[in-house]
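See structure below.
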Amino acid sequence: MWIPALRRFLLLVAVVGGGTVVASIVLGLLLGASLPRSIALGYYLVGSFLLLAGFFFGNRGPVRPRGDADTGGIFFRAGRRVRWATREEHEEAINSSALYVVLGLVLIFLGIASDNRHSLF
């Protein structure tokens, strides 16, 4: 069970990390920045975004909207129907949060490793 999960996680890191590198190189060339610095900043930005996403996914409340249609306007939500989240929804929120946080930390570490302004050793 752990080997396929690790394989999927490494594939996810490769896809997100590779996409970040490509976007960082393109933006770095357009802005005239050095490539190692552009890649490091891209990793920092995407990693920080994923950390924030993990925080917000993990802090969802215990209620969910019932149905697709929401009655009322933006400021006045009279008659809003809600339901309690199921156990599976709670577990999914925690698992998604953990995945985003770990992926964000890995990308920030890759940014630290690829940053040419500071040496690790």
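The values are calculated or read from the model by the stated rules, or taken from the named source; none is laboratory data. Computed from a predicted structure; not experimentally measured. Glycine gets a Cβ as well: all are built from the backbone with ideal geometry, and neighbour counts include every protein chain shown. Heavy atoms of the whole protein, side chains included, go into the accessibility calculation; ligands, DNA and RNA do not. Shrake-Rupley method; radii C 1.70, N 1.55, O 1.52, S 1.80 Å.
Which condition breaks for Ile74 when tested against (1) of a type in the set (Val, Ile, Thr); (2) open to solvent by 60 Å² or more (accessible area, probe 1.4 Å); (3) modelled with pLDDT of 95 or more?
Just one mismatch for Ile74, condition (3).
Is it the case that Gly42 is modelled with pLDDT of 95 or more, over 17 Å from Val101 (Cβ atoms) and touching a Gly at 6+ places or on another chain (Cβ under 9 Å)?
When the stated conditions are applied, Gly42 passes them.
Across region 2-43, which residue is nearest to His118 (Cα to Cα) among those that are polar (S, T, N, Q) and in a helix (DSSP H, G or I)?
So the residue we want is Ser38.
Got a number for residues in region 87-108 being open to solvent by 60 Å² or more (accessible area, probe 1.4 Å) and of a type in the set (Ser, Thr, Tyr)?
Counting residues in region 87-108 that are open to solvent by 60 Å² or more (accessible area, probe 1.4 Å) and of a type in the set (Ser, Thr, Tyr) gives 1.
Taking the options Gly67, Gly111, name whichever one is at pLDDT 90 or above and open to solvent by less than 90 Å² (accessible area, probe 1.4 Å).
Gly111
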